Amino acid sequence: MPLLLLLAVFVIATCGLIYELVAGTLASYLLGDSIMQFSTIIGVYLFAMGIGSFLSKYFNKNLLTWFVKIEFLVALIGGFSAAILFVLFPLASSFRIVLYFLVFLTGTLVGLEIPILMRILKDKVEFKELVSQVFTFDYIGALLASIIFPLVLVPYLGLIRTSLFFGILNAAVGFLLCFKFEQEIRRPMFLKITAVAIILSQLVAFVLSDRIMNFSETLTYNDHVIYSTSSPYQRIVVTRNKKELRLFLNGNLQFASSDEYRYHEALVHPVMAALHQPENILVLGGGDGLAVRELLKYNSVKKITLVDLDAAMTKLFTTNPMLTAINKGALQDGRVTVFNADAFQWMRDNQQQFDAIIIDFPDPSSFSVGKLYSNTFYKLVYKALAQHGIAVIQSTSPYVAPKSYWCINKTLESVGFKTIPYHNYVPSFGEWGYTMAMKDSIYNSPTQFVKGLRFLNDATMQQMLVFPQDMTTTASLVVNKLNNQELVQYFEAEWNAYLQQ
């Protein structure tokens, strides 16, 4: 008996942490700010486990029966949690309440199980052996969960199938205990039928998980979802309507095919047209290949190095015919080398210098992205830029978030860059900002550009350099550093205020 119940400890620990990780990952996909989501979810989960441990003292009879019943409840709530949350996200105005309620309920049930199990085993195993074995199995299960979740489960199963798989595993343990200890459990046949019902319902949901996800995304997005996947880093969704394709990462619009040319021409060509025969170019972010498409319009370019964290993104924009039609097969060009790596680490290891550096990261909506807008990172950019080279950084909207925009400018200046702020209008986003950064102090605004551009010319270039009063700020701004991440605070406050208008 002890061995089987200790195996149950292992399953409890593994499944419990998986449900916690699923909730944290799902919340970061849907709500953003992964550090905040994981921090609060871990805190709520551990607090709930403490509540469960406290409540366990009120369970005094039929402990094995209670243990099996709780196992089934964990299987139901934890197993269906991801599907419930994805479906409710576009429907529930108080999504966070539902999220934290499910996390709290799961943590409370898991917190009940371990103390009850220890009381079941106390007459069968010496106390010091009991404590040693229970916590050993508990911690080993937690370690296994933390390793397989990012490496195996999210890439190959996705969040809905992952939670359902471990729900089935929880129910199967309860079912096995009903058979093994039939004489010690009250109403074993009822519990066996319950286990079978839970397992069958979750198997059906497992098979239909893609339909569940598609239904959820149909509710979330106005347009038809034509592609969606979860990578270890983000949820990638492509939608289509009569006039355009749209790319969403974690629910945030990245581009619309009808007007992305305005964004990418403004990002790339003010830099490239001002340089004399640029040959070696670095692109950080931009896994959609659209910035690379613009760079390949220059005959002088011999080498483009693209560094993007997510292999799922670069693979999608290298192989999907609808998307390669937009980037014109840019990532398949022989001059382009793709590295799927963390840009911060890649830049630390980099020993090359580049004629131009195009930085197209997502907005600094979380601390994990905010580090890529810090003075520490910009020192690495300064080192990697050739003496007469130019870097450009997409810098969010100076209209919606002027503090954020000018904080990026100030942070670049703090490491020695001379900066040229500019902006343009992209219908899908509104006014958008960019910042050029140079070691040399002179920027000669180009008057001629490569052929084939749809937006940028001499007149629009001059307009982009002028900032109206409502895109400036008189606030005293600080430099964005790794240890303060003030930019993330600015960004969150400004965009939240804008969205609540």
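Scanning the chain for long hydrophobic helices, with DSSP H runs required to stretch 30 angstrom or more by C-alpha along their axis and to average at least 0.0 on the Kyte-Doolittle scale, returns 2-31, 34-55, 63-88, 95-121, 127-148, 158-180.
Determine the relative contact order of the stretch 200-330: mean sequence separation of Cα pairs under 8 Å and six or more apart, normalised by residue count, in whole percent.
Averaging sequence separation for qualifying contacts and normalising by length gives 15 percent for the stretch 200-330.
With neighbours defined as other Cβ atoms within 10 Å of a residue's Cβ, the residues 177, 380 order from fewest to most as 380, 177. Of interest is the spacing of the C-alpha centroids, which for the stretch 267-284 and the stretch 402-417 amounts to 21 Å. Beta bridges from DSSP with both residues in the chain: antiparallel share about 60 percent, rounded to the nearest 5. Taking a ≥ b ≥ c as the square roots of the eigenvalues of the Cα gyration tensor, the stretch 257-499 is rounded, since a/c falls below 1.5. Ignoring lysines fewer than eight residues from residue 61 along the same chain, the ones with Cα atoms less than 29 angstrom from its Cα are 69, 122, 124, 128, 180, 192. Close amide H partners of residue 226, meaning residues 5 or more places away or on another chain with modelled amide H under 5 Å apart, are 238, 239, 240. Checking the cross-link pairs 303/371; 403/439; 315/418 against a 29 Å limit on the alpha carbon distance flags 315/418 as lying beyond it.
For the chain, the mean residue ellipticity at 222 nm estimated from helices alone is -18000 deg cm²/dmol, where every DSSP H run of n ≥ 4 contributes -39500 (n - 2.57) and the total is divided by all residues, rounded to the nearest 500.
With 10 angstrom as the radius, rank 29, 227 by how many other C-beta atoms surround their C-beta, starting from the fewest.
227, 29
If a/c stays under 1.5 just call it rounded; otherwise compare a/b with b/c (prolate if a/b is bigger, oblate if not). Do that for the chain, with a ≥ b ≥ c from the square roots of the Cα gyration tensor eigenvalues. Prolate, because a/c is 1.5 or more and a/b exceeds b/c.
Provide the net charge surrounding residue 428, with neighbours chosen by a C-beta distance below 13 Å and charges set as Lys +1, Arg +1, Asp -1, Glu -1. My count for the surroundings of residue 428 gives -2.
Within 10 Å of each residue's Cβ, count the other Cβ atoms and sort 106, 229, 472 from fewest upward. List each step's numbers first, then the result.
Working: 106 26, 229 16, 472 13.
In order of increasing Cβ crowding within 10 Å: 472, 229, 106.
If you sort the three axes of the alpha carbon gyration tensor as a ≥ b ≥ c, you get a/c of 1.5 or more for the stretch 279-384 and a/b no higher than b/c, which makes it oblate.
None of the figures in this text is laboratory data; all of them are computed from the coordinates on show. Keep in mind that what you see is a predicted model, and the values were worked out from it rather than measured. Cβ: placed from backbone, ideal geometry, glycine included. Neighbour counts: every protein chain shown.
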